[in-house]
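Participant: Structure below; questions to follow.
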Amino acid sequence: MFRLSLQRRCHSFTRNFSSLPAHVSAAPVVEEPTYNLKEVARRKRRTEWKRRQGGQTFLDHLIVHVRSGKGGDGCVAFHRELYKPFGPPSGGNGGRGGDVYFLPTPHLTTLSSVPSRVRGNPGSHGQGTWQGGRNGAPLVVKVPLGTVVRELTKEETAKYNFKDEWEAEEEALADLSPEERLDKLRAKRWVHYPRYQDDNVQRAEFKEAERTLWKEERARRIERKRRTLNPLFLDLDTAEDTTLPDDSPLGPGNRESLGHLIASGGAGGLGNPNFLSANHRSPKFATRGHEGELVVLSLELKILADIGLVGMPNAGKSTLLRALTGGRAKSEVASYAFTTLNPVVGVIRVANDGIFEGWRGEGAVHDETRIEEERHLELMEQGAFADSLTRNQKPIGADDGDTARVGHDFDLIEEFRFTIADNPGLISRASEDVGLGYSFLRSMERSLALVYVVDFSGPAPWDELRVLRDELEAYQHGMSARARMVIANKADLLGGDGRDPQMIEDAKRKLGKLAEFVEDELGPLDVIPVSSKFSNNLTKVVGFMRGYVEDARERLKESREPENE
């Protein structure tokens, strides 16, 4: 057993030693030109693995293959009834393939529910007695608000082995003789009456119809190439409004919105009556339905949150979010860095007196998740919750005299609400894909206002602010200008128990130095010391945040008014 353990350790040491860069290895090794690319790819794989551990299903970037529905085939049939054994051609046309739509919805917060391959519903085949096939039902794919849809170019889709219907057909017929190629091409485009295929291909009427079909197909290929010159780009940042105005005339009801058209369904095939002419009274062939459009899309989710929390790892952002939402936000709280691997969005509901939902008064403790779960389990085993009322059963003002109402009771006094996002910790060189990289920075692009959260108990919180500002600017120029507040978290660790005048004076001096740094280098930002763990000074924070959101929404409304006109 000892020998086996020693072998494993030696193998692990050899593997780790061999993966070190050249400047730290024992023997000089020439660095390959592709080393940086391999390192970046390894780092991205490790980042994605880290973000998806623990059963987390948050997904903010996805490559989707979308193909609309195939059209139904036309039918070759002849009308038959009593005393009419040789009736006219009666084959119906095939139904059109189903379109594919993307519908933004506020009920989703991740791209995990979006399939990576989407196939539209096919149209039905035509039938006899002039019965046309049913059109394929449209397929609506729901995506979260804030999703940016971008169609990939031909060069970008090369690594995904993307081929349209004509390229795939050319590849399948590459090794066949000219006669076999022609037979395969015709079999994919034509439907023949039983035992009449050889006779049809010899007729002049069929050859004329085939020339017309080739011209139409060539026109479709040209139109498809024109579309690639103007790729699809959608910014789905607003939900579809389907409400009718009050002065709308009476008529049909409000139809449900399908969203944005992504891929149009293929046309249905033509039945044999379409080839009837004065010289050809009995056409025994029809066309097959067309393939649907195929597009490869890149979906990128940029979370729509009114307030975005920006801070270094372990600065207390998750504890702050839990304190502001009364524990309703499911954010992990622990004493190690990178506890939050994916953005978490919470809703802040504010009453007219400034109290927010979930507020339990000054001194309410929000501890680590592990400690709270252990305490809750211990109380449950003791039977402490046997006779407790549920959240919906609690009367107004029943929480130990607090003015904060919980659940449905808060609807009576709610005056304003906004959303706040807890983002993963930001470290130096995050804009260069270091640490968790820039994969989560896109979640802060749509925030109306940003709030810096720093560990006030640290030796130099102003250095953290400088790093946060520089990383935001490196990722997107002008992004740091949306910062409106600096929250000096963990202020309870500096003042002690409040009885030592020297500690209190040192804390005030440190707060003044932080405010001076903010005014000199960051601009006119509000600096507020708080204790998220004990819910101290949070009502002031919520009041400031409400003002930021109201101002940002008003400016956004004014900027959109000329567009609507």
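The values are calculated or read from the model by the stated rules, or taken from the named source; none is laboratory data. Not measured: the values here are computed from a predicted model. For neighbour counting, all protein chains shown are included, and Cβ atoms are generated from backbone atoms with ideal geometry for every residue, glycine included. Note: areas computed on protein heavy atoms with side chains; ligands, DNA, RNA excluded. Shrake-Rupley method; radii C 1.70, N 1.55, O 1.52, S 1.80 Å.
Participant: State which entries of 184/207; 159/302; 142/557; 513/557; 70/207; 142/317 exceed 28 angstrom in Cα-Cα distance in the structure shown.
Facilitator: In this structure, 513/557; 142/317 exceed 28 Å between Cα atoms.
Participant: For a Förster distance of 35 Å, can you work out the FRET efficiency between the beta-carbons of residue 82 and residue 196, rounded to the nearest 0.05? Display every interim value, and only then the final one.
Facilitator: Working: r = 25 Å, r/R0 = 0.72.
The computed FRET efficiency comes out at 0.90.
Participant: Quickly rank 547-554, 176-183 as a protection proxy: mean count of other C-beta atoms within 10 Å, highest first.
Facilitator: Values: 547-554: 15.4, 176-183: 11.5.
Taking the mean over residues of other Cβ atoms within 10 Å, the ranking is 547-554, 176-183.
Participant: Report, please, the projected area of the stretch 61-301 averaged over directions, based on the convex hull of its C-alpha atoms, in nm².
Facilitator: Its average projected convex-hull area is 18.6 nm².
Participant: Got a sec to turn the phi values of the stretch 483-491 into Karplus ³J(HN,Hα) couplings, 6.51 cos²θ - 1.76 cosθ + 1.60 with θ = phi - 60°, whole Hz, x for Gly and Pro?
Facilitator: 5, 10, 8, 10, 9, 8, 7, 6, 5
Participant: Moving on to the next point. Report residue 557's accessible area, 1.4 Å probe, all protein chains in place, as a number in Å² to the nearest 10.
Facilitator: Roll a 1.4 Å probe over it and residue 557 shows about 120 Å².
Participant: Sorting 130, 190 by accessible area (1.4 Å probe), largest first, what list results?
Facilitator: The ordering from most to least exposed comes out as 130, 190.
Participant: While we're looking at this one, here's another question. I'd like the carbon and sulfur percentage of the solvent accessible area for the stretch 122-258, probe radius 1.4 Å, heavy atoms only, ligands and nucleic acids excluded.
Facilitator: On the way: 5030 of 9940 Å².
C and S fraction of accessible area: 51 percent.
Participant: Report the extension gain between residue 516 and residue 463 in nm, rounded to one decimal, defined as 0.36 nm multiplied by the number of residues separating them, less their alpha carbon distance. Please report the intermediate quantities before stating the final value.
Facilitator: Numbers: separation 53, 0.36 × 53 = 19.08 nm, distance 1.31 nm.
In short, 17.8 nm is gained.
Participant: A follow-up question, please. According to the square roots a ≥ b ≥ c of the eigenvalues of the Cα gyration tensor, what is the shape class of the stretch 163-242, taking rounded for a/c under 1.5, prolate for a/b larger than b/c otherwise, and oblate for the remainder?
Facilitator: prolate
Participant: Oh, and also: Under the rule a/c < 1.5 gives rounded, and otherwise a/b versus b/c splits prolate from oblate, where does the stretch 502-560 land using the Cα gyration tensor?
Facilitator: Oblate is the answer for the stretch 502-560, as a/c is 1.5 or above yet b/c matches or exceeds a/b.
Participant: Once amide H atoms are built 1.01 Å from N in the peptide plane, which residues 5 or more positions from residue 287, or in another chain, come under 5 Å H to H?
Facilitator: Placed amide hydrogens put 74, 191, 270 under 5 Å from residue 287.
Participant: Starting from the Cα gyration tensor of the stretch 154-295, take the square roots of the eigenvalues, sort them a ≥ b ≥ c, and report rounded, prolate or oblate (rounded when a/c is under 1.5, otherwise prolate if a/b is larger than b/c, else oblate).
Facilitator: Oblate, because a/c is 1.5 or more while a/b does not exceed b/c.
Participant: Taking the full set of protein chains and a 1.4 angstrom probe, give the accessible area of residue 81 in square angstrom, rounded to the nearest 10.
Facilitator: 100
Participant: Would you kindly find the accessible area of residue 345, with a 1.4 Å probe and non-protein molecules such as ligands, DNA and RNA excluded, rounding to the nearest 10 Å²?
Facilitator: Taking all protein chains as shown, residue 345 has close to 60 Å².
Participant: Accessible area, 1.4 Å probe, largest first: how do 477, 260 sort?
Facilitator: Output order, biggest surface exposure first: 477, 260.
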